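Notes for the one structure printed next.
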Amino acid sequence: MALGGVSFLTDVATEMIYPLLPLFLSSVLGANASFIGAIEGAAESTASLLKLASGWWSDKVRKRKPLVMLGYGIATIARPFTAIAQSATQVLLIRLTDRVGKGIRTAPRDALLADSTDAETRGRAFGFHAAMDNAGAVLGPLIAFLLLRQFDFTLREVFWLAAIPGILAFIVLAVAVREVSHPKEAASSSTPHLSVSEKLGKRFWLYLGVVFLFTLGNSTDAFLLLRANQLGVAVALAPILWAFLNLIKAALGTWGGAMSDRLGRKPLIIAGWMIYALVYFGFAQASEQWHAWALFASYAVFYALTEGTEKAFVADLVPKERRGAAFGWFNLAIGLGALPASIIFGAIWDRSGSSTAFHFGATLALLAAIGMTLVAPGRSGAIRTGPVVAGDGR
């Protein structure tokens, strides 16, 4: 619950800035689609490399919270400095610093959440955490919209005010989040090593490969906001559109995670990726402003089905004492795909138009959904009609 509160406040801070950032970069700083893609791709890849290292280290020292606090602290300090950026390159450096903080905190935080839950409720727990994330992503854009429209604040002033919920999030983390104690036998187990020879299991590595394929077509959501602007959604309405997306994500997130506890992780991931492909095909063909709103609503369903479920599946597939490393590898796969995904998407957009770029993303999502059918489900992710059996630690 406390981690959910931290994520809620952090997302309020982040989402006061994020839906405005691509428009700030393009209209104020003059960046093109390729450079916007490079910024977001580089930021996410940097974060993912650190997620691997921090996750492995949290397994080794058997402590999660100190790394979580360090990561949130770095991001809290760096994020508001977007307000004084005078070039797209400066925004890149700020985003990289912000994502360094995210990279340090994410894998230990996810492992801490997994350590705190049982297998039969793991999907619901990750779904609830994602829902709190998304609830913050509803409030943040709404605050930004009010500041811009009702109080006539500038974009830069809004970015400065984003520091307030970030500071509150760090206070909640320091005061309310507790480290989960680890059994002595787990602590005395062999020290994890940062290599592909880790005993995480063939199913885990196959799953990671499929996730990487999907990520290659999953470019930054900044392009969705740019596409919405092409379809007639005004700059001032971008935060409302973003809040609309996250409102649906927040409303459905816990439901989606709980459904994976009942029906299994694999069917929901496949269904979510299929919806993603349909949404991207839709963005390629869209021609009216209302199409953007409808597609954003559908896009939220993809998130609800997969956001918590994908992480719960990671915890299903690996032993408890290696969850930090497993979440690190999971996030590394996403990060390694994120940089080329956004760069390629932006390049296709600049050279061949937005429709071709969205067709590219949709096609890779379909291929990944097909590949996911080859991944055996974790024992905790199987359909249940009787007592729940915990993951076997392979």
Task: Rounded accessible area of Val210 (nearest 10 Å², 1.4 Å probe) - done: 10
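Give me the tail of P(r) for segment 242-377 as a percent: Cα-Cα pairs with distance above 27 Å. Please report the intermediate quantities before stating the final value.
Working: 2207 of 9180 pairs.
Counting pairs separated by more than 27 Å, the tail of P(r) holds 24 percent.
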Open item on the list: Rounded to the nearest angstrom and ordered from largest down, what semi-axes does the equivalent ellipsoid of segment 316-383 get from its C-alpha gyration tensor (root of 5λ)?
Closed with: 32, 17, 6
- [ ] On each of the three principal axes of the Cα atoms of segment 38-169, give max minus min coordinate, whole Å, ordered largest first.
- [x] 48, 29, 25
- [ ] Please report Rg over Rh for segment 46-120, where both radii come from the alpha carbon positions and Rh follows the Kirkwood definition.
- [x] 1.10
Task: GNM flexibility winner over the chain from Asp221, Asp11, Asp133 (Cα, springs under 10 Å) - done: Asp221
- [ ] Could you tell me the convex hull volume per residue, in Å³, taken over the Cα atoms of segment 126-173?
- [x] 70
Task: Distance histogram in 10 Å bins (all Cα pairs of the chain, percent per bin) - done: 5, 23, 36, 25, 9, 1, 0
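Could you order Arg227, Arg351, Arg262 by accessible surface area, starting with the largest, using a probe radius of 1.4 Å? Please report the intermediate quantities before stating the final value.
Details: Arg227 20, Arg351 185, Arg262 120 Å².
The ordering from most to least exposed comes out as Arg351, Arg262, Arg227.
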TODO: Using θ = phi - 60° and the Karplus relation 6.51 cos²θ - 1.76 cosθ + 1.60, list the HN-Hα couplings for segment 99-104 in order, rounded to whole Hz, with x at every Gly or Pro.
DONE: 6, 4, x, 5, x, 5
Task: Lysine pairs within the chain, Cα separation less than 19 Å, 8 or more sequence positions apart or different chains - done: 27
Open item on the list: Order Ile164, Ile39, Ile94 by their accessible area, 1.4 angstrom probe, all chains in place, largest first.
Closed with: Ile164, Ile94, Ile39
Open item on the list: If you wrap a convex hull around the alpha carbons of segment 248-313, what volume per residue comes out, as a whole number of Å³?
Closed with: 62
TODO: Taking H placed 1.01 Å from N in the peptide plane, check which residues at least 5 places from Met16 or on another chain put their amide H under 5 Å from its amide H.
DONE: none
TODO: For the chain, with a Gaussian network of springs between Cα atoms less than 10 Å apart, report the residue from Gly101, Gly73, Gly257 with the top mean-square fluctuation.
DONE: Gly73
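For Phe153 and Thr373, what does the FRET efficiency come to when R0 = 45 Å and r is the distance between their Cβ atoms, rounded to the nearest 0.05? Write out the running numbers ahead of the final one.
Details: r = 49 Å, r/R0 = 1.10.
It comes out at approximately 0.35.
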Task: Pairwise label distance in nanometres, Leu146 with Lys60, each label 7 Å out on the Cα-Cβ vector - done: 4.6
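The values are calculated or read from the model by the stated rules, or taken from the named source; none is laboratory data. Note that the structure is a prediction, hence the values are computed from the model and not measured. As a convention, Cβ positions derive from the backbone with ideal geometry for all residues, glycine included, and neighbour counts pool all protein chains shown. What goes into the accessible areas is simple: the full protein's heavy atoms, side chains included, and nothing from ligands, DNA or RNA. Shrake-Rupley method; radii C 1.70, N 1.55, O 1.52, S 1.80 Å.
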